[in-house]
Structures are given as C-alpha cells and as structure tokens.
Amino acid sequence: MSTTKKIAGVALAAALGVTTLSACGDESKDKTAGASDAPKSTTVTLVSHDSFNVTDSVLKEFEQQSGYTVKVLKSGDAGAALNQEILTKGSPRGDVFFGVDNTLLSRALDNGIFTPYEAKGLADVKPEYVLDKEHRVTPIDSGDICVNYDKAYFAEKKIAPPQTLDDLIKPEYKNLLVTENAATSSPGLGFLLASVGKYGEDGWKDYWSKLKANGVEVVDGWEQAYNERFSGSAGGKKAKGDRPLVVSYASSPPVEVLYGEPQPAEAPTGVSTGTCFRQIEFAGLLKGAKNEEGGKALVDFLVSKKFQEDMPLQMFVNPVTKDAALPELFTKHGVVVEKPENVAPETIAKNREQWVKAWTALVVK
C-alpha cells in the first residue's frame with residue numbers, strides 16, 4: 001500500500017533517498033580501521049517507506065545510549081519498499097524494515113524476509129496488535145482510515161454529518177463524497193477493505209453499486225482528494241473543493257489544527273467513526289542483516305515509550321503500547337475509533353488483487 005498514511009506535514013518534509021539521522025556518528029573510526037581489524041559495526045540501517053520520521057533529540061538519545069548510529073533508507077511507498085526487500089531477500093539493504101502493514105503482512109511473511117525476534121517491551125504492546133505469534137514482525141503503530149467531514153458545510157446546511165457506511169448511501173449525502181482509487185492509493189484500498197469488513201465478501205459489491213449511484217467521486221490519490229476536492233481542508237478551501245466528505249484519516253483533524261494559520265481553537269473537520277478501517281504497521285529484523293544485534297536494539301527502540309510517545313506528532317499515527325500517552329493535540333482534537341472494521345491479513349493477501357479488479361470494473365470503468 002502507498003503510505004500516504006502519515007498525512008500532510010510528513011509528506012512535504014520527508015526526504016527521498018538515504019538519510020542519516022545522526023549528529024553523533026562514528027565515521028572517523030570506520031575510516032581509520034583497517035579491513036583486517038575492522039570493529040563491530042556501529043551503524044544500523046532502517047529500511048522504510050518515505051513517511052518515517054522521528055524527533056532528532058529522541059533518536060540521538062537512542063544512539064548515545066546504544067552506541068549505534070542509525071541510517072534510514074527511504075524507499076518510496078510501503079508497497080514499493082517491501083517489493084525491494086523481497087527482491088533482495090537474504091542480502092537485504094538494511095538491518096530492519098519498518099512500514100509493512102496488515103494489508104501487506106501476509107505477503108511479507110510468506111516471502112520469508114524476516115528473522116524472528118521477540119522485542120524487549122513486546123509485553124507492553126496491546127495484544128490485539130500482535131498479529132504474528134512467531135514474532136517475525138513487531139507492531140509499531142496504528143491508524144484509522146475514515147471518512148472526514150467539513151463541519152461548516154453540514155452546519156450551514158443543517159444536516160447531520162454521516163457517521164456510518166450505511167449513512168453514505170442515503171439521499172441526503174448524494175454527490176458529497178470523494179474517495180481515492182483503491183488500485184493506486186492506500187486510503188482508497190483501506191476504504192474498500194472497510195466495506196469488505198462491514199458487508200462481507202458477498203455484500204461489498206452491492207454496497208459500492210449503491211455508493212456509485214449516490215454520486216461518489218473517485219480520484220487517483222489522497223493529495224488530490226484531500227487537498228483539492230475536499231471543502232473542509234486548508235488546501236481544499238484554496239482549491240475551491242466542493243466535496244464536504246472525503247476518505248482520509250482519523251488523525252486528519254488534529255493535523256488541520258497543527259498546521260492552521262492562524263491555528264484554530266477547534267478542528268474544522270470531523271471524523272465519521274463508523275466508516276473506519278484500522279491499519280497496523282510493523283517492523284522486522286531482516287533475514288541476513290549485517291548488523292543483527294544493532295537491528296534488535298533498533299526494534300526495541302521502536303516499541304520504547306520514548307519513541308511511541310514521539311510518533312503521533314511526527315507521523316500522525318497512534319502508539320501501540322499500553323503506557324504511551326497521546327499528545328494534547330490528539331486528545332483534544334482527535335477521536336477514538338472504538339470499533340473499526342478489520343479484515344484478516346491472510347484474507348487480504350488471498351483476495352486483494354481480485355477485490356481491486358472487481359472494484360475497478362464496478363466503480364471506475
């Protein structure tokens with residue numbers, strides 16, 4: 001899946017290519033050491049999608065305490081990054097892979113690219129996120145793909161915003177929703193999976209037929225949907241977007257507040273909590289890693305309280321550990337999705353391609 005999962009700020013800030021996130025590296029030691037007496041590697045490489053981000057001071061603290069320098073190899077969206085690791089299986093480009101989610105998990109596990117490792121701190125992870133009992137991957141974060149609504153539009157029209165998938169096919173919401181293409185977009189695929197989770201393998205097509213009849217608009221990706229077509233976002237307002245419903249993330253309202261100029265007292269957008277699909281992202285120790293011990297230490301760091309509490313404002317996702325607290329921006333302007341739709345990773349792996357083809361034939365063509 002594409003990882004537009006992290007919303008606006010990260011997509012703009014993320015650098016392409018290899019980024020070394022360290023000011024305390026030990027490169028001089030590597031340069032002076034001869035080949036025969038080379039010391040144990042002090043560099044550990046994290047392969048990731050483009051949206052990985054961490055506060056410099058948090059990373060530096062890990063580096064100082066562990067003695068490792070972290071190098072981050074950003075490799076496009078999550079699907080592209082995973083494909084590269086499958087192609088280089090056994091001779092990986094790094095030591096740890098971060099960013100495989102529950103829509104791609106079975107593919108990663110079936111290709112055997114990870115070495116089992118039970119992370120220190122795994123006991124602090126909420127059990128519902130531990131999907132691999134062999135510990136080939138460790139849960140790191142979660143996020144919900146949900147319909148967002150423009151509060152001002154619905155207040156002006158004196159219409160209650162939709163709250164469920166069933167609501168979206170009602171006449172009062174005709175021609176109001178824009179979503180992303182399930183074949184080309186992570187949130188688009190997530191929204192399709194939400195309908196599969198809700199209506200089952202036998203019922204989702206009928207739902208989408210009704211949604212199409214109710215005027216759903218489909219665009220290629222999140223950027224176009226959220227920042228051009230959606231009337232509730234800052235970008236959409238500038239672009240004169242006229243769709244007050246959009247498929248985005250439960251973390252989108254806090255982001256609208258964070259980047260608002262001036263910063264609003266209340267989020268201009270809301271979340272339809274009965275429309276959501278939960279994504280869970282994982283990290284794993286790559287099979288054949290050159291620095292396995294460093295890789296294990298890095299996985300431990302990713303589930304540490306320090307990193308878990310840093311993530312929300314860096315990648316706009318939720319922590320998976322029991323003791324990690326959310327920042328005030330999230331608790332004040334975000335929502336808790338109590339009952340998101342879920343589809344088992346092995347079911348997704350078995351059916352994803354045919355579901356997307358059927359969806360495309362039904363909705364796009």
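The values are calculated or read from the model by the stated rules, or taken from the named source; none is laboratory data. Just so you know, these numbers come straight off a predicted model, no measurement behind them. Backbone-built Cβ (ideal geometry, glycine too); neighbour counts: all protein chains shown. When the accessible area is computed, the model is the full protein with side chains, heavy atoms only, and any ligands, DNA or RNA have been set aside. Shrake-Rupley method; radii C 1.70, N 1.55, O 1.52, S 1.80 Å.
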### Query
Restricting to the range 98-145, what's the tally of residues that are more than 19 Å from ASN83 (Cα to Cα), among the charged types (D, E, K, R) and not in a loop (DSSP other than H, G, I, E, B)?
4
## Note on the structure
Out of (1) surrounded by fewer than 21 Cβ atoms within 10 Å (Cβ to Cβ); (2) among the hydrophobic types (A, V, I, L, M, F, W, C); (3) at pLDDT below 95, the one ALA358 does not meet is (3)
### Summary
Across the range 55-64, the tally of residues that are open to solvent by 10 Å² or more (accessible area, probe 1.4 Å), within 14 Å of PHE307 (Cα to Cα) and not small (Gly, Ala, Ser) stands at 6
### Filter result for PRO187 (touching a His at 6+ places or on another chain (Cβ under 6 Å), buried (at least 24 other Cβ atoms within 10 Å of the Cβ) and not in a strand (DSSP E or B))
no
### Query
What do you reckon, is LYS151 loosely packed, with under 14 Cβ neighbours inside 10 Å and of a type in the set (D, E, K, R)?
no
### Task
For the range 40-82, enumerate the residues that are among the aliphatic types (A, V, I, L, M) and either under 12 Å from LEU298 (Cα atoms) or in a loop (DSSP other than H, G, I, E, B) (or both).
VAL44, LEU46, VAL47, VAL54, LEU59, VAL70, VAL72
#### Entry: Tally, over the range 120-165, of residues that are within 24 Å of GLY274 (Cβ to Cβ), among the aliphatic types (A, V, I, L, M) and in contact with a strand residue (DSSP E or B) (Cβ under 8 Å, 6 or more places away or on another chain)
4
